[in-house]
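Student: Structure provided below as C-alpha coordinates; questions to follow.
The values are calculated or read from the model by the stated rules, or taken from the named source; none is laboratory data. The shown structure was predicted, so the numbers you read here are calculated from the model rather than taken from an experiment. Here the Cβ positions follow ideal geometry from the backbone for every residue, glycine too, while neighbour counts run over all protein chains shown.
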Amino acid sequence: MKGSILAMNKNKIVAASFVVLALAVTTLSSCRNKNNPGLEYARNMYDHIAYDPDQPNKNFANGQTAQTPPANTSPVGFVKYEYANTKEGYEAAGLNLHNPLAKTPQNLLSGKHYFTVFCGPCHGEKGDGKGHLVQIEKFTGVPAYHGDAASSRGGLMKDLSEGKIYHTIMYGLNNMGSHASQLTPDQRWKVVMYVQQLQKIQ
(Lines give C-alpha, C1' and ligand atoms only; values in the text may rest on other atoms or scores of the structure.)
Protein backbone atom coordinates (compact mmCIF):
# COMPACT_ATOMS: atom_id res chain seq x y z
CA MET A 1 0.00 0.00 0.00
CA LYS A 2 2.86 2.35 0.89
CA GLY A 3 4.46 1.60 -2.49
CA SER A 4 1.27 2.41 -4.37
CA ILE A 5 0.98 5.79 -2.58
CA LEU A 6 4.58 6.61 -3.50
CA ALA A 7 3.89 5.62 -7.12
CA MET A 8 0.81 7.88 -7.19
CA ASN A 9 2.81 10.83 -5.78
CA LYS A 10 5.55 10.25 -8.37
CA ASN A 11 2.95 10.29 -11.14
CA LYS A 12 1.57 13.60 -9.86
CA ILE A 13 5.06 15.10 -9.67
CA VAL A 14 5.87 13.95 -13.21
CA ALA A 15 2.56 15.35 -14.54
CA ALA A 16 3.07 18.70 -12.78
CA SER A 17 6.65 18.91 -14.05
CA PHE A 18 5.47 18.26 -17.59
CA VAL A 19 2.85 21.06 -17.36
CA VAL A 20 5.44 23.52 -15.99
CA LEU A 21 7.93 22.55 -18.71
CA ALA A 22 5.29 22.95 -21.46
CA LEU A 23 4.34 26.40 -20.16
CA ALA A 24 7.99 27.47 -20.01
CA VAL A 25 8.66 26.29 -23.58
CA THR A 26 5.52 28.08 -24.87
CA THR A 27 6.45 31.31 -23.08
CA LEU A 28 10.06 31.26 -24.29
CA SER A 29 9.05 30.47 -27.87
CA SER A 30 6.63 33.42 -27.96
CA CYS A 31 9.26 35.80 -26.53
CA ARG A 32 11.94 34.78 -29.03
CA ASN A 33 10.43 36.58 -32.03
CA LYS A 34 8.57 39.86 -31.44
CA ASN A 35 6.71 39.57 -34.75
CA ASN A 36 5.40 36.10 -33.93
CA PRO A 37 3.31 35.84 -30.76
CA GLY A 38 3.72 32.05 -30.73
CA LEU A 39 0.75 29.89 -29.86
CA GLU A 40 -2.55 31.75 -29.59
CA TYR A 41 -5.66 30.46 -27.90
CA ALA A 42 -8.96 30.76 -29.83
CA ARG A 43 -7.59 32.99 -32.59
CA ASN A 44 -10.99 33.09 -34.30
CA MET A 45 -12.43 35.00 -31.35
CA TYR A 46 -10.63 38.18 -32.40
CA ASP A 47 -9.96 37.43 -36.09
CA HIS A 48 -13.63 36.87 -36.82
CA ILE A 49 -15.17 36.03 -40.18
CA ALA A 50 -17.60 38.97 -40.21
CA TYR A 51 -16.51 42.35 -41.56
CA ASP A 52 -15.92 45.26 -39.18
CA PRO A 53 -18.02 48.37 -39.99
CA ASP A 54 -14.93 50.41 -40.99
CA GLN A 55 -13.33 47.61 -43.03
CA PRO A 56 -13.20 47.69 -46.86
CA ASN A 57 -15.70 45.31 -48.43
CA LYS A 58 -15.60 44.18 -52.07
CA ASN A 59 -19.19 42.92 -51.84
CA PHE A 60 -20.58 46.45 -52.23
CA ALA A 61 -20.20 48.84 -55.15
CA ASN A 62 -18.75 51.61 -52.97
CA GLY A 63 -16.29 49.20 -51.29
CA GLN A 64 -17.52 49.97 -47.77
CA THR A 65 -18.94 47.62 -45.16
CA ALA A 66 -21.11 50.22 -43.41
CA GLN A 67 -23.95 51.07 -45.75
CA THR A 68 -26.62 53.77 -45.60
CA PRO A 69 -29.94 52.14 -44.67
CA PRO A 70 -32.55 51.93 -47.45
CA ALA A 71 -35.05 54.80 -47.67
CA ASN A 72 -38.13 54.67 -45.41
CA THR A 73 -36.66 52.08 -43.05
CA SER A 74 -36.11 52.28 -39.29
CA PRO A 75 -33.73 50.37 -37.02
CA VAL A 76 -35.26 47.59 -34.92
CA GLY A 77 -36.68 49.09 -31.73
CA PHE A 78 -36.44 52.67 -33.05
CA VAL A 79 -39.29 54.97 -32.00
CA LYS A 80 -39.64 58.09 -34.13
CA TYR A 81 -39.92 61.37 -32.25
CA GLU A 82 -41.82 63.97 -34.25
CA TYR A 83 -40.98 67.13 -32.29
CA ALA A 84 -37.99 69.27 -33.21
CA ASN A 85 -35.50 70.65 -30.70
CA THR A 86 -36.97 74.16 -30.97
CA LYS A 87 -39.22 76.37 -28.86
CA GLU A 88 -42.06 75.50 -31.25
CA GLY A 89 -41.32 71.77 -30.94
CA TYR A 90 -41.27 72.10 -27.15
CA GLU A 91 -44.63 73.87 -27.09
CA ALA A 92 -46.17 71.38 -29.55
CA ALA A 93 -44.93 68.46 -27.43
CA GLY A 94 -46.44 70.14 -24.38
CA LEU A 95 -49.85 70.26 -26.06
CA ASN A 96 -49.91 66.97 -27.94
CA LEU A 97 -47.72 64.42 -26.13
CA HIS A 98 -49.36 62.31 -23.44
CA ASN A 99 -47.97 59.47 -21.36
CA PRO A 100 -49.03 56.14 -22.93
CA LEU A 101 -48.20 54.19 -19.75
CA ALA A 102 -50.70 53.42 -17.03
CA LYS A 103 -50.07 55.13 -13.70
CA THR A 104 -49.37 52.04 -11.61
CA PRO A 105 -47.29 51.61 -8.44
CA GLN A 106 -44.79 49.53 -10.43
CA ASN A 107 -44.33 52.20 -13.13
CA LEU A 108 -43.94 54.89 -10.46
CA LEU A 109 -41.37 52.76 -8.64
CA SER A 110 -39.43 52.23 -11.88
CA GLY A 111 -39.68 55.96 -12.61
CA LYS A 112 -38.28 56.74 -9.18
CA HIS A 113 -35.37 54.37 -9.81
CA TYR A 114 -34.48 55.92 -13.18
CA PHE A 115 -34.95 59.42 -11.77
CA THR A 116 -32.61 58.64 -8.85
CA VAL A 117 -29.94 57.26 -11.17
CA PHE A 118 -30.10 59.78 -14.03
CA CYS A 119 -31.74 62.94 -12.64
CA GLY A 120 -31.16 62.87 -8.88
CA PRO A 121 -27.45 63.84 -9.00
CA CYS A 122 -28.51 67.34 -10.12
CA HIS A 123 -32.24 67.68 -9.37
CA GLY A 124 -32.02 65.94 -5.98
CA GLU A 125 -33.93 62.85 -4.91
CA LYS A 126 -36.87 65.03 -3.83
CA GLY A 127 -36.77 67.13 -6.98
CA ASP A 128 -35.67 70.17 -4.98
CA GLY A 129 -32.74 71.10 -7.25
CA LYS A 130 -30.24 70.19 -4.52
CA GLY A 131 -28.58 67.03 -5.80
CA HIS A 132 -25.06 66.12 -4.68
CA LEU A 133 -23.48 67.65 -7.82
CA VAL A 134 -25.16 70.94 -6.96
CA GLN A 135 -24.02 70.71 -3.35
CA ILE A 136 -20.36 70.33 -4.35
CA GLU A 137 -20.88 73.34 -6.64
CA LYS A 138 -20.23 71.49 -9.85
CA PHE A 139 -23.49 72.80 -11.35
CA THR A 140 -25.63 75.78 -10.42
CA GLY A 141 -29.10 76.98 -11.35
CA VAL A 142 -30.75 73.55 -11.27
CA PRO A 143 -34.49 74.17 -10.74
CA ALA A 144 -36.79 72.39 -8.32
CA TYR A 145 -39.91 70.70 -9.68
CA HIS A 146 -42.15 72.16 -6.98
CA GLY A 147 -42.73 75.42 -5.17
CA ASP A 148 -42.21 78.67 -7.06
CA ALA A 149 -39.23 77.52 -9.16
CA ALA A 150 -39.40 79.07 -12.61
CA SER A 151 -38.62 77.27 -15.86
CA SER A 152 -36.05 78.93 -18.11
CA ARG A 153 -38.61 78.57 -20.90
CA GLY A 154 -41.30 80.41 -18.97
CA GLY A 155 -43.85 79.40 -16.38
CA LEU A 156 -43.35 77.40 -13.21
CA MET A 157 -41.64 74.01 -13.08
CA LYS A 158 -44.58 72.56 -11.12
CA ASP A 159 -46.89 73.41 -14.04
CA LEU A 160 -44.85 71.69 -16.79
CA SER A 161 -46.96 69.24 -18.79
CA GLU A 162 -45.87 65.65 -19.34
CA GLY A 163 -45.06 66.40 -23.00
CA LYS A 164 -42.74 69.27 -22.05
CA ILE A 165 -40.94 67.11 -19.48
CA TYR A 166 -40.52 64.31 -22.04
CA HIS A 167 -39.22 66.78 -24.66
CA THR A 168 -36.62 68.08 -22.19
CA ILE A 169 -35.47 64.53 -21.38
CA MET A 170 -35.14 63.88 -25.12
CA TYR A 171 -33.06 66.94 -25.99
CA GLY A 172 -31.79 68.36 -22.71
CA LEU A 173 -31.75 72.04 -21.78
CA ASN A 174 -29.07 74.47 -20.57
CA ASN A 175 -26.54 72.42 -18.53
CA MET A 176 -28.66 69.29 -18.80
CA GLY A 177 -27.69 67.06 -21.71
CA SER A 178 -29.99 64.77 -23.67
CA HIS A 179 -30.91 61.49 -21.97
CA ALA A 180 -32.32 59.92 -25.15
CA SER A 181 -29.40 57.50 -25.40
CA GLN A 182 -29.57 56.46 -21.74
CA LEU A 183 -33.29 55.91 -21.37
CA THR A 184 -35.68 54.01 -23.64
CA PRO A 185 -39.00 55.69 -24.51
CA ASP A 186 -40.83 53.66 -21.83
CA GLN A 187 -38.19 54.52 -19.24
CA ARG A 188 -38.49 58.23 -20.14
CA TRP A 189 -42.25 58.10 -19.64
CA LYS A 190 -41.76 56.42 -16.26
CA VAL A 191 -39.42 59.26 -15.26
CA VAL A 192 -42.04 61.77 -16.45
CA MET A 193 -44.63 60.00 -14.30
CA TYR A 194 -42.39 60.25 -11.25
CA VAL A 195 -41.48 63.90 -11.93
CA GLN A 196 -45.19 64.71 -11.99
CA GLN A 197 -45.42 63.19 -8.51
CA LEU A 198 -42.58 65.46 -7.38
CA GLN A 199 -44.37 68.49 -8.85
CA LYS A 200 -47.17 67.97 -6.30
CA ILE A 201 -44.88 68.39 -3.28
CA GLN A 202 -45.88 71.52 -1.33
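Student: If I ask for residues that are closer than 13 Å to PHE118 by Cα and either out of contact with any helix residue (DSSP H, G or I) (no Cβ under 6 Å at 6 or more places or on another chain) or surrounded by fewer than 14 Cβ atoms within 10 Å (Cβ to Cβ) (or both), which ones from the stretch 171-182 would you list?
Tutor: Let us first name the residues in the stretch 171-182 that are closer than 13 Å to PHE118 by Cα, namely 172, 176-182.
GLY172, MET176, GLY177, SER181, GLN182, listed by residue number.
Student: How many of the residues in the stretch 24-72 are in a loop (DSSP other than H, G, I, E, B), at pLDDT below 65 and surrounded by 10 or more Cβ atoms within 10 Å (Cβ to Cβ)?
Tutor: 2
Student: Taking the residues in the stretch 140-156 that are assigned to a loop (DSSP other than H, G, I, E, B) and of a type in the set (A, V, I, L, M, F, W, C) as candidates, determine which candidate is farthest from THR168 (Cα to Cα). Break it down into steps so the answer makes sense when it comes.
Tutor: In the first step, residues of the stretch 140-156 are kept if they are assigned to a loop (DSSP other than H, G, I, E, B); the result is 140-149, 151-155.
If we keep only those that are of a type in the set (A, V, I, L, M, F, W, C) too, we end up with 142, 144, 149.
On the way: VAL142: 14, ALA144: 15, ALA149: 16 Å.
If we take residues in the stretch 140-156 being assigned to a loop (DSSP other than H, G, I, E, B) and of a type in the set (A, V, I, L, M, F, W, C), then ALA149 is farthest from THR168 (Cα to Cα).
Student: In a helix (DSSP H, G or I) and surrounded by 16 or more Cβ atoms within 10 Å (Cβ to Cβ), is that true of GLY129? Quick ask: steps written out before the conclusion?
Tutor: Working: in a helix (DSSP H, G or I): no; surrounded by 16 or more Cβ atoms within 10 Å (Cβ to Cβ): yes.
Criteria not met by GLY129.
Student: Please work out which one of (1) β-branched (Val, Ile, Thr); (2) free of Cβ contacts under 8 Å to residues at least 12 places away in the same chain; (3) crowded, with 17+ Cβ neighbours inside 10 Å is the condition THR140 fails and give its number.
Tutor: Of (1) β-branched (Val, Ile, Thr); (2) free of Cβ contacts under 8 Å to residues at least 12 places away in the same chain; (3) crowded, with 17+ Cβ neighbours inside 10 Å, only one is false for THR140: (3).
Student: Here is a check on your reading of the model: is GLY94 closer than 21 Å to LYS158 by Cβ and at pLDDT below 90? Show your work before the answer.
Tutor: Numbers: closer than 21 Å to LYS158 by Cβ: yes; at pLDDT below 90: no.
No.
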